[in-house]
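A quick write-up on the structure given underneath.
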Amino acid sequence: MDADAARWQAAAPGSAVENLYGPTELTITCTVHRWSPGTSPGRAVNGVVPIGAPHPGLDVFLRDDDGTPHDTEGELCVAGPQTCAGYLDPADDAGRFLERDGKRWYRTGDRVRRHPDGELTFLGRVDDQVQLQGWRVQLSEIAHAVRTHCVGVEDAAAVTAPLGGDGEELVVYYTGRRATPVELARGLRAALPQGLVPRRFQHLDVLPLNANRKIDRAGLKARAVRDFGSAGEPVRDAAPAPAHPAPPELPHDILASAVAARPDAPALRDGRVSWTYAELAAEAAAAGHWLERQGVVRGDRVVVQLPNTADLVALFHACARRGVTMVPLNPGMKEYALRQVLADCEPALAVTADENAGLLRGAGAGVPVHALSGVRDEAAALRGLPEPAPAARPGDIGVLIYTSGSTAAPKGVVCPQERMAFAARAIQEELGYRADDVVYCRLPLSFDYGLFQILLSALAGAELVLAGAQPEVKLLNEIRECGATVFPVVPSLAAILLRLVARAPGDTRLRLFTNTGAALQQTTIAGLREDFPGARVVRMFGITECKRISIMPPDQERERPESVGRPLPGTRVEILGEDGGVLPPGEVGEITVTGPHVMAGYWRAPEITARTFRPDPATGGTRLHTGDYGHLDADGYLYFEGRRDDMFKRHGVRMSTVEIEAAAMDVPGVRAAAALVPSAGRDLTLCVAGDLTPQEIRRELAKRLEPAKVPADVRVLADVPLTLNGKSEKKQLIALLEGSTNPGRPAGVPAGEGKEGTA
């Protein structure tokens, strides 16, 4: 390398340097490049010193991929008196030695470039060349770019791994300073085309070597294929050796790694306690002993209906380590839904807040219900007992997340432990949570993205702060007081924050907003950027059935403002037409997802599972049919168009409620909006919370939408009701409209009357 040559000359002034090249089959060397003391090594390609000109008496030609000669670049072939006679077994000669122009040539397998003066530069092995996204690239060039442009990297090797179907993705293994994938990718964007910037990086203490003391690329390739399926924590080799199989990473591995790396670092805080990672592990162990004393075993379900408390996090880790399935339920869930969930999941026991114990016992039909205060006391007496080895195994169900849907009863999404760990690590690779982050979580931990903050924070070694039951008016004060740097939001939460900061402007430490629940409107994103200078707003898209589908990389947040980002590393998104065929870029169809993050289906609901989780014809795995519509652009970025249930035709024009709501949110004075699909007795209707009249809103919408998309009816409400997870409660709106006698306001929602859980 050019940099190496400069160091040698600096260490030994006055020395001449020769760069020799040659394989054993050409009697050790066949070219040389020389440079004198005090001079540079001459032209370098990507920092690589030339290998020079052939020795006298040797002939060379460059062979193209199809076997024809090439003037400037190709496989180096050499003939002359240094060429060996062949291999001991003549059968091995085929393909390596060839006859041409009456001479015996040796094919080196090395790709070189010939300069006008006849000197050669080594580019890499022919079998090191791959084609990705239409680009032909040498893996050695990728590795060199990582070594050169990523701060702190000492050595690197690039390989490819399957991306599902016939595609492949780049995987980089590196040594030196640990860095997040976001940091590493940022360093490469100035050196590589966008399509060739790797997205998967794994740190090793030492790159493995083969018997010839060269990087064991075959071993790394095998490891990359394995890691593609498991997304396991990289094996930290103590000495150079071929890669060995690693089991899939599970949630208890994530906590154990955080404890080993940062035992005394702050891990978790709520309104009652503050724990380090070592203390969190100890509390989780005590909770595990408590579960054992209750007779809970691997495979059992445990319902946990708690507000955001440290106790819930300890129980999550306790269940995960023992292979017990946790069923987190929102504290606001009513008895009717509770009865359905408890009958469906048949838990071994339930843990709830003291004030909810009676409600849960009434809904549980004999399920043992434990009040939190008693659990705390009993678990405290078990602290310090020896902890058994983890009982969890790949395939064990980590959590059942109950969601609403097209069926009357809630359905439980089955989330296997290894798929949860893969999803968490893939999300962390894109978001880049840091060890010095304080993650402020106001989302309920019964909500999938709220629950995943436990794993995301542990992967980074960050501190997770759980918001208590404080009123929303204290949201901004809590963010400032706890020193939050990362804030996961739903649109309604972001809107509240913007109203609060308008009343009490001032600095915070926030550097990253991530969204879930529904897309953030552009006006909200612009407001967050303006009111929190320096903070990034990351657009994301996903559903519980695979946790996350796409993320817009934080350093690209201002690019493609309408996109919801790229698919997670190691996953595949395809857009299907009505005939089931894959659509080309730009065409709208159903979003489908394959990859190790796709969950296992719905609990005890085989018919619904079969409709949503279907066989993937390309891989034989599972393809998730999301019911969402969108398109991909030519670079693989995803654009969300709406839910199947939100798509409809009106006056011959196909449209989605999403675009109508986005236009409404762009109107100054509108705080929240929900569009309702036309039905037999009702035209397209828009419900808004704001200060304008229906006529004023329709006038503003006419400036933003084509005539067919302007709602026939606009209802101004005091609030737009929300689900427990912060989404518009459209079923409730429809019920209110059906009972409405006032064309300006549905019955049951008087102006000025607030409602818990509304925007």
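Read-outs throughout are calculated quantities, based only on the coordinates presented, and are distinct from any laboratory measurement. This structure is a prediction, so every number in the text was calculated from the model and none was measured. With ideal geometry, Cβ positions are generated from the backbone for all residues, glycine too; neighbour counts draw on all protein chains shown.
Given only helices, namely DSSP H runs of n ≥ 4 each adding -39500 (n - 2.57), what is the per-residue ellipticity at 222 nm of the chain, to the nearest 500 deg cm²/dmol?
Mean residue ellipticity, 222 nm, calculated: -8000 deg cm²/dmol.
In degrees between 0 and 90, to the nearest 10, how far off the longest principal axis of the chain does helix 522-531 point, with axes built from Cα atoms?
Value to nearest ten degrees: 80.
Under 15 Å Cα-Cα from Lys334, which aspartates and glutamates qualify once same-chain neighbours fewer than 8 residues away are excluded?
Straight-distance partners of Lys334: Glu355, Glu756.
Mind checking the angle between helix 277-293 and the chain's longest principal axis? C-alpha axes, 0 to 90 degrees, to the nearest 10.
With both axes taken from Cα atoms, the answer is about 60 degrees.
Bin width 20 Å, alpha-carbon pairs only: give the P(r) of the chain as whole percents, running from 0 to the bin holding the largest distance.
Bins of 20 Å from zero give 15, 43, 29, 12, 2, 0 percent of pairs.
How do Val313, Val49, Val588 rank when sorted from fewest to most other Cβ atoms within 10 Å of their own Cβ?
Val588, Val49, Val313
Label the range 651-738 by shape, choosing from rounded, prolate and oblate, from the square roots a ≥ b ≥ c of the eigenvalues of the Cα gyration tensor; if a/c is under 1.5 it is rounded, and otherwise prolate applies when a/b is larger than b/c, oblate when it is not.
Taking the square roots of the gyration eigenvalues as a ≥ b ≥ c, the range 651-738 is oblate.
Please determine, in degrees from 0 to 90 and to the nearest 10, the orientation of helix 251-261 with respect to the longest principal axis defined by the Cα atoms of the chain, where the helix direction is its Cα long axis.
70 degrees
For Ala11 paired with Arg272, estimate the spin-label separation in nm (one decimal), with each label point 7 Å from Cα along the Cα-to-Cβ line.
Result for the modelled spin labels: 6.1 nm.
Where the only charges are on Cβ atoms (+1 Lys, Arg; -1 Asp, Glu), what is the dipole of the chain about its Cα centre, to the nearest 20 debye?
Using only the charged Cβ atoms, the result is roughly 1100 debye.
Most exposed first by the Cβ proxy, i.e. fewest other Cβ within 10 Å, how do Lys703, Lys474, Lys221 rank?
Lys703, Lys474, Lys221
Among Val486, Val582, Val151, Val438, which comes first, second and so on when ranked by fewest other beta-carbon atoms within 10 Å? Write down the numbers at each step before the final one.
Numbers: Val486 29, Val582 13, Val151 10, Val438 20.
The order, fewest Cβ neighbours first, is Val151, Val582, Val438, Val486.
Within the range 379-488, what percent of beta bridges assigned by DSSP are antiparallel, to the nearest 5?
Of all bridge pairs located within the range 379-488, approximately 55 percent are antiparallel.
Can you list the residues, at least 5 places off or on another chain, whose amide H is less than 5 Å from the amide H of Arg536, using H built in the peptide plane?
Here the answer is Leu512, Phe513, since their amide H atoms fall under 5 Å of that of Arg536.
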